Amino acid sequence: MNNTSSPVLIGVGVGPGDPQLLTLAAVDAISSADVVCYHAKPGGSSNARAIADQFFTAGQIHELLEYPVTTGSHPDGYTAALAQFYSEASERLAAHLDAGRTVAVLAVGDPMLYSSYQHLSRLLADYPQRIIPGIPSVTAAADVLGTPLAEDEDVLSIIPATLSEDALHASLATCDTAVFMKLGRNFDKVKKVLTEQGLAERAYVAVRVGMDGQKVLPLTEANAEEIPYFAVAVVPTQLVDAPVSPAPGSVTVVGLGPGAARWTTPEVSRALREATDIVGYTTYVKRVPERKGQVRHLSDNRVEAERSEHALQLAREGKRVVVVSSGDPGVFAMATAVLEVQHTRGYEDVSVRVLPGMTAAQAVASRVGAPLGHDFALISLSNRLKPWDQVVTRVRAVAGADMAMAIYNPASKKRTWQVEEFKKILLEYRTPDTPVIVARAVGAPEEKVTVTTLGELDPQVVDMRTMLVIGASTSVSFTTVDGTRVYTSRYYGTPEWGEKPADFDVTKR
């Protein structure tokens, strides 16, 4: 039956369920193989065999690979049970290959997409292999729906439903359209996440695509008890001309984080995705991915009140407006401006909510350890919105309280003298060896973070993209394999665990 000169391991994609969806190459490989292998749970039937059954030929050897299920038992847990299964299965297939037989392993969908064949392929890597693609349930489900899965520049994500809720939220935040595989007992979790993301109404569930009992229904109408493992949830692309959500106009003020896209939260990403209008300082708006149908309103950094009123007026007209800030919107950013305009200019009838973001102080602190690990203060050195005398009063109060401090807006093109004055004030309260972190453009490719001391701080290196973190009397810097680390102890005096004894032996602890 095998006409090749040497045995080959063939991964054969048999598609989602309908035998008519097999490729000609798959049919040829199945009918000509010496050995045909397929998976099934103990006591169950094999979907892969059912799909390919009509293409089997007389004289073939059949290998049923019964994989363990999560309800099974193993002294070392399910992962160990699965590893043992694949080890034993690969030994069985290796015996056939060593005997000169060509082995075809059937994989539902495609052999290289969430398939058991992948594990066997790695374990049998020393043997010649061939892989025949199959139609995956991902695309088959979209075809059954008759709805585009992704268009133009849409980002499509294939997401395993077995992930945690937080991981599912994070995965959805970075895509325009999604397919959830391995649904089954994970259905309620996926439905909950999609509902919280505002995506449930446009999602569908495709059950047993291409198999007996195929059906498609809106996710909101599906029940967990009728969702088998061979089901997928599909969130198709949001068409440009799709109707806008009937939700009333509102303003959402968000923080994008300090600079890196990975620091933008899933909650903020969802708000940006659903917005009709994006409002903000030009630099920050340009950090937001452009989406079809959205209107972007860019403005100068010094027109916060005008920007806020513009956003509120757009919302009053029925728009879903997102006002963007860097970092956290409530820390020296747009949340205060929007709320103040709402309060003082008669926009109480407009819904305003604030979504948090990672502020720059957190990002800078993480780069060197934990310099803000005890009581600390956030202070802006800018005297554009408050008099310098007030800045000095607050700096002295915090310095006198022996608190670490993160300094926002330390300098700009027009404000070049404040850092020098700030340093002089601090030296009245702090020793020259107090740790100081000088962080520029944290989260950006040009990021530079330096640990120095108050005495050695050079005000000339500080610009408008720089943040300073000044330690307290309990702040310590030390050298490690990761570079200089800084922490501010939460103790005054000896920590509660005491000093390490001279004869301390960690192996006895």
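The values are calculated or read from the model by the stated rules, or taken from the named source; none is laboratory data. None of these values were measured; they are calculated from a predicted model. Neighbour counts are summed over all protein chains in view; Cβ atoms, including those assigned to glycine, are modelled from backbone coordinates with ideal geometry. Keep in mind that these areas ignore ligands, DNA and RNA; they rest on the heavy atoms of the full protein, side chains included. Shrake-Rupley method; radii C 1.70, N 1.55, O 1.52, S 1.80 Å.
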**Item:** Net charge of Cβ neighbours under 13 Å - reference Thr177; Lys, Arg +1; Asp, Glu -1
**Value:** -2
**Asked** Listed highest first by mean packing, meaning other Cβ atoms within 10 Å per residue, what order do 412-424, 204-216 come in?
**Response** 204-216, 412-424
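With r defined as the distance between the Cβ atoms of Ser164 and Glu226 and R0 fixed at 41 Å, what FRET efficiency is calculated, to the nearest 0.05?
The calculated FRET efficiency here is 0.95.
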**Prompt:** Which of the listed residues, Pro19, Leu372, Ser351, is farthest toward the dipole's positive end in the chain, when Lys, Arg count +1 and Asp, Glu count -1 at the beta-carbon?
**Reply:** Leu372
**Fill in**
Expected unfolding gain across Asp300-Asp28 under the 0.36 nm per residue rule, minus the alpha-carbon gap, is 91.4 nm
**Lys/Arg +1, Asp/Glu -1 at C-beta; the chain dipole; positive extreme among Gly483, Ala89, Ala161** = Gly483
**Prolate/oblate/rounded label for the range 1-145 (Cα gyration tensor, a/c 1.5)** = oblate
**Item:** Computed E for Ala261/Arg185 - FRET, C-beta separation, R0 41 angstrom, nearest 0.05
**Value:** 0.80
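Full extension from His343 to Ser87: what is 0.36 nm times the residue separation minus their Cα-Cα distance, to one decimal in nm?
85.4 nm
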**Asked** Where nothing but the Cβ of Lys and Arg (+1) and of Asp and Glu (-1) is charged, how large is the charge dipole of the chain around its Cα centre, in debye to the nearest 20?
**Response** 1240 debye
**Message:** Just to confirm, what accessible area per residue do you get for the range 83-149 at 1.4 Å probe, in whole Å²?
**Reply:** 45 Å²
**Item:** Label-point separation in nm, Glu63 to Met112, each point 7 Å along Cα→Cβ
**Value:** 2.2 nm
**Prompt:** In terms of the Cα gyration tensor, with a ≥ b ≥ c the square roots of its eigenvalues, is the range 1-55 rounded because a/c is under 1.5, prolate because a/b exceeds b/c, or oblate?
**Reply:** oblate
**Asked** Size of the dipole of the range 73-185 about the Cα centre, Lys and Arg at +1 and Asp and Glu at -1 on the beta carbon, nothing else charged, in debye to 20?
**Response** 600 debye
**Request:** Provide, for q = 0.05, 0.10 Å⁻¹, the log10 of I(q)/I(0) from a solvent-free Debye sum over equal Cα point scatterers in the chain.
**Result:** -0.33, -0.94
**Prompt:** If all Cα-Cα distances of the range 326-378 are sorted into 5 Å bins from 0 onward, what percent lands in each bin, rounded to whole numbers?
**Reply:** 4, 18, 20, 18, 14, 10, 8, 6, 3, 0
**Request:** Compute the Cα gyration tensor for the range 209-309, then decide on rounded, prolate or oblate, letting a ≥ b ≥ c be the square roots of its eigenvalues: rounded whenever a/c is under 1.5, prolate when a/b is larger than b/c in the other cases, and oblate in all that remain.
**Result:** prolate
**Fill in**
Averaging 1/r across every pair of distinct alpha carbons in the range 66-196 and inverting yields a Kirkwood hydrodynamic radius, in angstrom, of 17.5 Å
**Prompt:** What list of whole percents do you get for P(r) of the range 331-439, with Cα-Cα distances grouped in 10 Å bins up to the one holding the largest distance?
**Reply:** 12, 37, 32, 15, 4, 0
**Message:** Suppose we look only past 18 Å in the calculated P(r) of the range 27-96. What percent of the Cα-Cα pairs does that tail hold?
**Reply:** 46 percent
**Asked** Of the accessible area of the range 263-396, with the probe set at 1.4 angstrom, what percent is carbon plus sulfur?
**Response** 50 percent
**Prompt:** Taking a 21 Å limit on the Cα-Cα distance, which of the listed pairs Lys191/Lys215; Lys182/Lys215; Lys413/Lys448; Lys292/Lys319; Lys414/Lys448 fall beyond it?
**Reply:** Lys414/Lys448
**Complete:** Over the chain, the sum of -39500 (n - 2.57) across DSSP H runs of at least four, divided by residue number and rounded to 500 deg cm²/dmol, gives at 222 nm -8000 deg cm²/dmol
**Prompt:** Could you give the dipole magnitude of the range 134-214 about its Cα centre, charging the beta-carbon of Lys and Arg +1 and that of Asp and Glu -1, in debye to the nearest 20?
**Reply:** 500 debye
**Request:** With label points built 7 Å along Cα→Cβ from the Cα atoms of Asp152 and Arg490, find their separation and express it in nm.
**Result:** 5.0 nm
**Asked** When DSSP assigns beta bridges and you keep just the ones with both residues in the chain, what percent turn out antiparallel, to the nearest 5?
**Response** 40 percent
